[in-house]
Structure formats: structure tokens, C-alpha cells
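Following: one structure in C-alpha cells, then a few remarks.
The values are calculated or read from the model by the stated rules, or taken from the named source; none is laboratory data. What you see is a predicted model; the values in this text were computed from it and never measured. Ideal geometry is used to build each Cβ from the backbone, glycine not excepted, and the neighbour counts take in all protein chains shown.
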């Protein structure tokens, strides 16, 4: 009886609200509450009857307008309704405003009455997608869905489960269907390096999220650049990526060689990627857009509450000024991109025609950057992601094939007050102290934040470049030194020289710089190339010659993990390794780093949870009993398990078919 009560309550509330809207909205008239009830019923009937017919003609229009055109269809249906209901009139300007008000109020009422009600979501989403994918392809072999939670370390995942914030994942562990295993990232511990390895099996020559290519005239390469991302993918792809066999990529950095991509940075130039059956279904209902809008506005309020709570409770470390634009950035990543990913993955599962799907949830990484990795806000974000995982899991009941669900992260984050908060200066400002007065320094120290705006600015980059590239080019041309950062990893390039400078050359050209860097309390070590002894790692109290595996004085890498030397040797072999690689301090007791970006939770370098993500996979996979180091290893293991699982299923099918034939032959012989 609970569902009928909710449905009746929803109907009555909607009738009352529509009547109130008609009282105050010019051009919208209703004689009484009974007229409102009749109007609501007939609109619902027309929606059920006419909407599927209208969609056949205007689906493309809805996609082009990102669903805004659906309100025009609502306008038509509401106008038709007034022709059948006495005492109801609608005219300009209410023809356009009334559908928006009604859809918005309907979404609010639904959310209030059905909070945490997945059955409502199923009715609104699954049923519509089933109609959109009537021609389901029946497959015997299973498919795979990979859901990446950006920036979530294994330790943070465990805390979220312990707090009861991720009950779906907790239930998997309780039932024994899935297993959590940690793994270690490469250097740099950030999305482009990790996703390149996971999706393409290669992340060579990606030293950070953003770096300088001296071979291209000191060009700054950004992993999410409209031109740079496709170039990076071209270099790392062999055409046999994780998603190359009938796969789909959704809101990722790279495509994994999938043919179907939705909001993937490396393919954003291709406008056709904005269309898919599931996305078209999303656009076709005003309810979906208004529901997202309601959630979006709610997220803005959560961000305001978060700022007040952190200030009132004097939570440290914290960012004193997150800025007004971060309200939109947080809501965009944690609502809009999340809902697009969820809806599209559900559509792919229901359709059943994709062998493998991979999507990224950006919300946790976004919020943890600004609030801290264990903040209350972060666990609330994970709770929301867990609900979407539950909805994705439920979609399999409407699919014609079985899908294996795997949850993983590309890296973690490590907490800590920023370099500037601790010492009152940024990395580029500190470097400038040791340079000649006439030496110009160019810096970009904000590579790992604001995923939503990164998506928007990347999509508009072709226009933006024409407006801003000139000014940026002038600054770069004048600069003799470029300073970049990825979390607590700093990169210093001397752009006057077309090759990588040696320690000896740097000391000669810029005396005091290296000594000043290693003696700073916020810097753990620097790495450079020597003239005759290969790469060297320096700290205030010791040095480590990597090629010789020789330590003089105290080991500068002692706090950074047992695999740190292998990571640094590998990075030293990259084409675009900086002249000076700088790593901030790592306080092992407090588990903190000092990010060169203004981020409380950071990643990109070494130290703490930023290098310790996880993979949560079905127990029957038996990935490995040993240590997993590097995202390329994750790619290899996933490829193997996909081939093995599908191959095993084909063998079982053949054996079953052979057994049927054998039984048939035996029956024939008996007769």
C-alpha cells in the first residue's frame, strides 16, 4: 500500500501546485481545483499516448538542444489539453513558462516523496530506455562494466564502507561476490597517466597532467587539451585498447579505442559523440532535466553548508577561498556528469549490445581537492555514487545479457596544507628568488581541479584559443623558465635550451637554485640528470644516484615507498621529463604532503594514499595474488580476464550444444 499512497499524494500535491501556479502566472487560468485535477490527469494521458509518437519526429532536435526542446513538446501537449478541459485556459507567455514550472515542481515533489526510492528511478528511467531499445540483441557471452571513482584511495574506500556510506559495495563484500585489492600507480599519480595505462595499456611519456615539450618549441601539453588529448591518445594507442572490441566510453579522459564515446576529452572535437540511444532517451523527458536541475541546485546549497561548517568548526587544513565558480564546478561534476554517466551506462546495459563499457565518476575527486579526503562532504558524495552503482546494478534485470560489474579508481589523494599555506609563497615565486632579475617565469599551478569547467573549457577550446592564445604565447615567448605542478609534483623547465640541462649546467647558469630548493623545508627531494653519472636525487641531507643504485648520506627516498626508485628511473627516461623534478615533503606520521597547487587533497606526485588506488572485482576473476604496480598492469589483467571469461563461456556453450547433439543422437539410436 505504500506505493499507491505515495502516488496519490504526488498527484494531489501536483494538482494543488498547478492550481496555485495558475493563480499567479499570467496567461494560465483554472476555474477551480477540480479543473486542475482534470487537467493533470489528461496531461498524463496525453504524455503516455502522444509522447512516443512525437519523439519519432523530433528526437534529433532534442539531442541538438540538449533536451531543452522537450519543453516545447510539453507546451504543445498542455495546449491540446486545454481544448478538452472546460475552465482551463493557457496563452502567451504561459505557453512557454507553464511547462517549465510544472516540470520543475513535479521533479521536486517526486524527490521529496520518493527520496532514496529506486523504484521511482526505475519507472522513470528503465521503462523509457526499454522502449528506446526494443530491438535488444540477445548475447550468450557476458559483458563488462567498469565504473571508475576518480581519486578514491583504498583507505578512503574502506572508511566509507565502515561508515555505512556505501551499502551496495558493503553488501557485495558481505555476500562474497566481490573482492577489494589495492594497487600502486606510476609516477605521476593522476588521471591521464593512470587512464592511459588502464584503457590503452601504455602511459609512456606522460610525466604529469601538464608538461612542456621542448621538441615542439616549448609547447605546454595539457592532458585535457582539445588538441593535446587526441595527440596523446594517438601516441599511446595501438588500436587494441580495453574498449576496442565493441566498447563504449563515457566521460573519460581517453577512449580506450572505443568507437562510441560520450563526453570523452580525447574525442570532444567530434560532435557526433554527443548522440547515443540512452542519451537521446534522457533528453526526451522534461522530468529528467528538471530532476538534474533540482539536484544541481541542492548541490549548490551543500557547498554553501560545507563552507560554513568548515569555518564554524575551524577545520584545518582548509581552503579559505574556494571562489564563486567552484559552486558550479562542484555541482557540474557531482551532479551533471554523474547523472550523464549513470543514465548512459544504464542505457547501454539495457540495450545489451556493448561488450564493455567504462565510465568515470568525478565527484569525489573534485570535492576532496577542496574539502580534504576524509571530510564529511566526501563521504556524502560517495553515498550518492553508491546509489548510482545500485541503479546500474538493477538495470541488468532489464537486459538481455549478463554484465560483470567492476569498481576501480585511477589514483588516490593525500591530505595536507598547501605549500603556499605553510610557507607563504608558491613554487614559482620561490624559484624566482634564485634567478636573475630580468628572467621571466611562466607558471601554471592548477592542473588537477574543477573537472566540470575543464570539460566545458575543453569543449570550447577551439574558440577560446583564438581569443587567449595570443596573450599566452607572448608570455611563454618571454619566459626563460616554466614552472608547472601536479599536486605535490613540481616541474621546472629552462626553455632557452632545446635539451634537458644537467645538474652541472644548472648550477653554472643559475647558482644557488638547486641548493635553495633542496634546503627548503617544504621540498622532499629534486631529481636531475648529471653529466656522467645518470639521474640523481638530491635532498638536504643526501643524494641517490639512480643508475648506480648508490646512496651518499641519508637516502632522500626513504619515506616514499619501496618502488619509488623504479618509478623515478622510468620517468627519467621520458622524452619530456623536466630539467628539475621537484617533490614536496611527505610527513609519514601525519600522512601529509604540501601540494604546489592550492588543493587540500592532492595527487600527481608521491607520498601517502595518492599512489594507492583500488580495484573491486568479482571473486571468480582471480586477478592476481601478487602486488600490482602500474596502471599498465591493470590493463593487462583486465584484458586477460575479459578474454578468459568470454572464451570460457564460448567453450561452455559449445560443450552444451555438443551434449544436446549427443543426447539427440542417442534418442535416434533408441528409436
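Quick notes
- Taking the stretch 529-542 as the range and being crowded, with 19+ Cβ neighbours inside 10 Å and assigned to a strand (DSSP E or B) as the test, the residues that pass are 529, 535, 536, 537, 538.
- Which numbered condition residue 592 fails, given (1) buried (at least 23 other Cβ atoms within 10 Å of the Cβ); (2) farther than 30 Å from residue 171 by Cα: (1)
- Only residues that are over 9 Å from residue 200 (Cβ atoms) and assigned to a helix (DSSP H, G or I) were counted in the stretch 222-259, giving 7.
- The listed residues are 410, 386, and the only one of them that is assigned to a loop (DSSP other than H, G, I, E, B), crowded, with 19+ Cβ neighbours inside 10 Å and assigned by TED's automatic domain parsing to the domain that holds residue 193 turns out to be 410.
- All positions within the stretch 351-363 that are at pLDDT below 90 and touching a helix residue (DSSP H, G or I) at 6+ places or on another chain (Cβ under 7 Å): 351
- Counting only residues that are farther than 19 Å from residue 562 by Cα, assigned to a loop (DSSP other than H, G, I, E, B) and in the same structural domain as residue 181 (by TED's automatic domain parsing), the stretch 576-626 holds 3 of them.
- Restricting attention to the stretch 304-339, the residues being free of Cβ contacts under 8 Å to residues at least 60 places away in the same chain and surrounded by fewer than 22 Cβ atoms within 10 Å (Cβ to Cβ) number 15.
- Selection from the stretch 167-184 of residues that are farther than 14 Å from residue 408 by Cβ and touching a helix residue (DSSP H, G or I) at 6+ places or on another chain (Cβ under 8 Å): 167, 168, 170, 173, 176, 177
Let's see how each residue does on (1) at pLDDT 70 or above; (2) part of a loop (DSSP other than H, G, I, E, B); (3) surrounded by fewer than 18 Cβ atoms within 10 Å (Cβ to Cβ); (4) more than 38 Å from the chain's Cα centre (by Cα):
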| residue | (1), (2), (3), (4) |
| --- | --- |
| 35 | yes, no, no, yes |
| 52 | no, no, yes, no |
| 56 | no, no, yes, no |
| 60 | no, no, yes, no |
| 63 | no, no, no, no |
| 68 | no, yes, yes, no |
| 73 | yes, no, no, no |
| 100 | yes, no, yes, no |
| 127 | no, no, yes, no |
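- Considering (1) at pLDDT 90 or above; (2) surrounded by fewer than 22 Cβ atoms within 10 Å (Cβ to Cβ); (3) part of a helix (DSSP H, G or I); (4) touching a helix residue (DSSP H, G or I) at 6+ places or on another chain (Cβ under 9 Å), the lone condition that residue 297 does not fulfil carries the number (1).
- When the stretch 40-50 is filtered for residues that are modelled with pLDDT of 80 or more and touching a helix residue (DSSP H, G or I) at 6+ places or on another chain (Cβ under 6 Å), the ones remaining, listed by number, are 40, 42, 43.
- The stretch 512-560: number of residues that are over 17 Å from residue 573 (Cβ atoms) and without any contact (Cβ under 8 Å) to a residue 24 or more places away in the chain: 16
- Selection status of residue 443, part of a strand (DSSP E or B) and closer than 30 Å to residue 480 by Cβ: yes
- For the stretch 511-546, the tally of residues that are over 14 Å from residue 582 (Cβ atoms) and out of contact with any strand residue (DSSP E or B) (no Cβ under 6 Å at 6 or more places or on another chain) stands at 4.
- Scope the stretch 190-217; condition in contact with a strand residue (DSSP E or B) (Cβ under 8 Å, 6 or more places away or on another chain) and either at positive phi or not in a helix (DSSP H, G or I) (or both); matching residues: 190, 207, 208, 209, 210, 211, 212, 213
- Matching entry among 227, 270, 204 (being under 22 Å from residue 629 (Cβ atoms) and surrounded by fewer than 22 Cβ atoms within 10 Å (Cβ to Cβ)): 204
For every residue, the table says whether it meets (1) within 26 Å of residue 600 (Cβ to Cβ); (2) touching a helix residue (DSSP H, G or I) at 6+ places or on another chain (Cβ under 7 Å).
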site: 329; (1), (2): yes, yes
site: 349; (1), (2): no, yes
site: 374; (1), (2): yes, yes
site: 415; (1), (2): yes, no
